1. Can you compute the modelled spin-label distance between E50 and H71, with each label point 7 Å from Cα toward Cβ, in nm?
2. Using protein chains only and a probe of 1.4 angstrom, how many square angstrom of H13 are accessible, to the nearest 10?
3. Given a 1.4 Å probe and every protein chain left where it sits, what share in percent of the accessible area of the chain is carbon and sulfur?
4. Just from its helices, what would the mean residue ellipticity at 222 nm be for the chain, if runs of 4 or more DSSP H residues each count -39500 (n - 2.57) and the sum is divided by every residue, rounded to the nearest 500 deg cm²/dmol?
5. With a 1.4 Å probe and every protein chain left in place, work out the accessible area per residue of the chain in Å², rounded to a whole number.
6. Select one label from (1) 11, 18, 13, 17, 24, 18, 0; (2) 11, 17, 12, 13, 13, 20, 14, 0; (3) 18, 56, 25, 1: the one whose number is P(r) over Cα pairs in 10 Å bins from 0, in percent as derived from the coordinates shown.
7. On a 0 to 90 degree scale, rounded to 10, what angle separates helix 5-14 from the longest Cα axis of the chain?
8. Hey, what angle do you get for helix 21-42 against the long axis of the chain, alpha-carbon based, 0 to 90 degrees rounded to 10?
Amino acid sequence: MSVDQATVRRVAHLARISVREEELGHLQNELNAILEFVEQLADLDVSGVEPLTSVVPVELPMREDVVTDGHCPEKVLANAPDAEGGFFTVPKVVE
C-alpha cells in the first residue's frame, strides 16, 4: 500500500493539521514507512501468544458482574441541577 500526496493532504485536513506544500513529500515518506511496518506486523505468527494486559504478571481482582442501581440515588441526584421524584429533570427539547 502506498500513500500519494493527495491522501496526505486529505489526512492533514481531517486531522486539522496545517501542512505546507514543501512538507508533503516528507510526510508522504513517513506515512509510507509506517504502513510498510504495519504490513510487516501482519506477517508475524502470533497464534500462540496470549494477550498482554501488563508488562509485569499481575492478577487483577475479580468481582461478580451484577447489575445494580447503585443503591445511592440521593448521592447521584445531588449533582443534578434539577431533580424531581427521584429522576433528573431536563428541559423539553422536542415539540
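1. For the pair E50/H71, the computed spacing is 3.4 nm.
2. 120
3. Carbon and sulfur atoms account for 58 percent of the accessible area of the chain.
4. Mean residue ellipticity at 222 nm (helix-derived): -12000 deg cm²/dmol.
5. Here the residues of the chain average 97 Å² of exposed surface.
6. Answer by label: (1).
7. 20
8. With both axes taken from Cα atoms, the answer is about 80 degrees.
The values are calculated or read from the model by the stated rules, or taken from the named source; none is laboratory data. Given the structure is predicted, the values throughout are model-derived calculations rather than measurements. As a convention, Cβ positions derive from the backbone with ideal geometry for all residues, glycine included, and neighbour counts pool all protein chains shown. Ligands, DNA and RNA are stripped out before the accessible areas are found, and what is left, the full protein with its side chains, is counted by its heavy atoms. Shrake-Rupley method; radii C 1.70, N 1.55, O 1.52, S 1.80 Å.
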